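Participant: Here it is, the structure in full.
Readers should treat all values here as calculations from the given coordinates under stated rules, not as data from a laboratory. As the structure is a computational prediction, the values presented were derived from the model and not from experiment. When we count neighbours, we look across all protein chains shown, and the Cβ atoms used for this are built from the backbone with ideal geometry, even at glycine.
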Amino acid sequence: MIDRHTFQMYTLFLFWTVLIFFWNIWLNDIWTANEAFYAEAVREMFENKNFLDIYYNYEPRFNKPPLTYWSIALSSLIFGLNEFAVRLPIVLYAIGSVILTFLIALRLYREPKIAFFSMFVMSFSLQFFINSRYASPEVPLLFFFTLTLYFFLVGYQTRRWIYIYFSYIALSLTVLTKGYPYLIVIGAIVIFYLLWENSFRLRGFLKDFMFLRVHLGIPIVLVLGFWWFVYMYVKFGNQFLDVYMEETLKRAIAKKSKGITDLFFYIYVTLWGFLPYSLVTFYGIFYSFKESIKKHSFVLSWIGVMFLIFTIAKGKVPTYFIQAHPALSILTGYVMYQTISKNRFVNYSYYLLYIVPSVLFLYGTYYIIRAFNLDFMYYIILAFPLLYLLRYKDVKLLPYLSALVISFTFVMSVLPIVEKYRPYDKIGEAVKENFIPKTTPLLIENRFIHNLPFYTKRKVIRDKKGDELVRLYYDRSKPFLALVTEETLSRLKDAPVIWKGYIYKKSSESRFFVLVKYVIKAEHGDMSGFEKRYLVYRP
């Protein structure tokens, strides 16, 4: 059990965690490119008054099912179509996933401290936290994926089929979030877990499997989870099917394998993506085999099946393994609760698994404070994990507190500084202030900026060459709206410039730490990561 003082302290930690998840989600312009797909598609849903068909940049977008779009649309209906409304559902799904991690850990091990540890580990696992800050289907998928397994576990343990029924509904929503492959993944986890629970004896497995009433569950999933796919196929035919199959089946089996390195891909992804607790997690997997392994059959089935399926699949994407983070967190929380060894050397080695990533994160925070010349207050905040360690002699929460500190620093101060170099909303304001008809497309020279359809509220035509833009400018038959380089502007005589500024020119903003590197350079006067652009409008 947890004493009152510890419970109050944990509650305070969770308050700061939730605050960090929410803080400044309204601040940054829509990120390019993945978030832009969802924000702009929802904007076009409202513009078209059609919430079944998904369009991005006024072209059909078949890549993902609609539930993430609908979640954002509902939020936008309440709060208006803005950055806060776009990201709010993602944050709520993220917090819901953390709560589900707590509930599953509590049900499996009946120990509140393990559940709290699991929740702390999950909250700032690197990949999960990053994905919770912008609109994409990964976190909604994580929530419904975890909800499905939670309802299954409750139903299986209590032998109450109503919870199994709820799990089928959650599974349907999982399919509506990312597609049919996760029906296979979750089904495999459940089947392997039931086999393990019955010591791989067929008779016991069949009895438990029959309890699931799959003959009732599958129709529920087909009706609730697949109706949109049927609708899209009826309306768009092979145009939809070809794109969607490219996103799922062909990605899994048709991509070229990299050989032996593919076997270690998700081990490597977990090593960095599950920081700051990944070292403890790997030890936890090993540790679980030292004791009664059946005690961990649910989380190990979850982790093992996902690792096996996604390792076999030829298409390798790091975010695919985020759905294993609750299981990794629960196993890690269990290990944190245990007394590992009375041997001093073993204990010291074990504690290094906590200390090394903590030092890494604290140094990262120190570097950020120095690089961005942040307020001295951040040095005081930086000392907090160390003060906690000195006061409570508890190294196990040091990685969590170190991750909390660096996350706090990022959302409070770094993201506002980064936003100074992302003027996409200013481009949209310039278009609006000049009353440019929506029928006039925006032409972009030599590139495509994915969030400009959202901010300019019009079709954006990509990768126009300078010579073609010059020709179109002097062709007076149509209005001309273009985002051009300085070189091309010099060839446009008396061109009316309605906005000018610097735009990030390097690789996609999805490589966020590369963007941050060039922002740091820009803060010191080196604009090599940005280029001057001019928005030209001739009626």
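Participant: Using 0.36 nm per residue, how much length does the chain from Phe79 to Val497 gain when fully extended, once their Cα-Cα distance is taken away?
Facilitator: Extra length from Phe79 to Val497 when fully extended: 147.1 nm.
Participant: OK, next. As a footprinting exposure proxy, order Val86, Val317, Val411 by other Cβ within 10 Å, with the fewest listed first.
Facilitator: Exposure proxy ranking, most exposed first: Val317, Val411, Val86.
Participant: Out of all DSSP beta bridges in the chain, what portion is antiparallel? Express it as a percent rounded to 5.
Facilitator: So the antiparallel bridges amount to about 75 percent of the total.
Participant: Going by average Cβ neighbours within 10 Å, how do the peptides 477-485, 67-75, 436-444, 326-334 rank, with the highest at the top?
Facilitator: Working: 477-485: 18.2, 67-75: 21.8, 436-444: 16.4, 326-334: 28.9.
Top to bottom by mean Cβ count within 10 Å: 326-334, 67-75, 477-485, 436-444.
Participant: Can you tell me the equivalent ellipsoid semi-axes for segment 312-354? Use √(5λ) from the Cα gyration tensor, largest first, whole Å.
Facilitator: Details: eigenvalues 194, 32, 12 Å².
One finds semi-axes of 31, 13, 8 Å for segment 312-354.
Participant: Do any of Lys420/Lys517; Lys432/Lys459; Lys438/Lys493; Lys64/Lys506; Lys64/Lys316 go past 19 Å between their Cα atoms, and which?
Facilitator: Cα-Cα > 19 Å for Lys438/Lys493; Lys64/Lys506; rest within.
Participant: Taking the Kirkwood radius as the inverse of the mean 1/r across Cα pairs, report the Rg/Rh of segment 344-400.
Facilitator: Rounded to two decimals, Rg over Rh is 1.06.
Participant: Next up: Per residue of the chain, what 222 nm ellipticity follows from adding -39500 (n - 2.57) for every DSSP H run with n ≥ 4, rounded to the nearest 500?
Facilitator: -20000 deg cm²/dmol
Participant: Something else about it: With a Förster radius of 51 Å, plug the Cβ-Cβ distance of Glu531 and Ser292 into 1/(1 + (r/R0)^6) and report the FRET value to the nearest 0.05. Mind showing how you got there, number by number?
Facilitator: Numbers: r = 61 Å, r/R0 = 1.19.
My answer for the efficiency is 0.25.
Participant: Could you compute the FRET efficiency for Glu433 and Tyr180, with r as their C-beta to C-beta distance and R0 at 41 Å, rounded to 0.05?
Facilitator: 0.35
Participant: Give the aspartates and glutamates reachable from Lys478 as a straight Cα distance under 15 Å; neighbours fewer than 8 places away on the same chain don't count.
Facilitator: By straight Cα distance, Lys478 reaches Glu468.
Participant: Bin by bin, in steps of 5 Å, what percent of the Cα pairs in segment 149-202 do you find, going until the bin that has the longest distance?
Facilitator: Pair shares across the bins are 5, 20, 24, 25, 16, 7, 2.
Participant: Still on this structure: Would you list Trp31, Trp227 from fewest to most Cβ contacts within 10 Å? It would help to have the intermediate numbers written out before the result.
Facilitator: Working: Trp31 24, Trp227 12.
With the sparsest Cβ surroundings first, the list reads Trp227, Trp31.
Participant: Shifting gears a bit: In whole Å, what three semi-axes, largest first, describe the equivalent ellipsoid of segment 424-538 built from its Cα gyration tensor (square root of 5 times each eigenvalue)?
Facilitator: After diagonalising the Cα gyration tensor, the semi-axes are 25, 16, 13 Å.
Participant: Here's another thing I want to ask about it. Under the Karplus relation 6.51 cos²θ - 1.76 cosθ + 1.60, θ = phi - 60°, what is the ordered set of whole-Hz ³J(HN,Hα) values for segment 444-451, x standing for Gly and Pro?
Facilitator: Here the 3J(HN,Hα) series is 10, 7, 6, 5, 9, 10, 5, 8 Hz.
Participant: Order of Val98, Val305 from fewest to most other C-beta atoms within 10 Å?
Facilitator: Val305, Val98
Participant: Give, in nm to one decimal, the length gained when the segment between Ile417 and Arg107 is fully stretched (0.36 nm per residue of separation minus the Cα-Cα distance).
Facilitator: The Ile417-Arg107 span can extend by a further 107.3 nm.
Participant: Would you list the membrane-span-like helices of the chain, meaning whole DSSP H runs whose alpha-carbon atoms span at least 20 Å along their axis and whose mean Kyte-Doolittle value is at least -0.5?
Facilitator: Details: long enough: 4-22 (27 Å, 1.08); 34-48 (21 Å, -0.65); 83-109 (40 Å, 1.70); 138-158 (30 Å, 1.32); 161-178 (26 Å, 1.22); 181-197 (24 Å, 1.96); 214-236 (31 Å, 1.64); 297-312 (22 Å, 2.26); 344-371 (39 Å, 0.81).
Qualifying helices, which must be both long enough and hydrophobic enough, are 4-22, 83-109, 138-158, 161-178, 181-197, 214-236, 297-312, 344-371.
Participant: To continue, here is another question. What distance in nm separates the two pseudo spin-label positions at Glu468 and Asn238, each 7 Å out from Cα along the beta-carbon direction?
Facilitator: Inter-label distance under the simple model: 2.8 nm.
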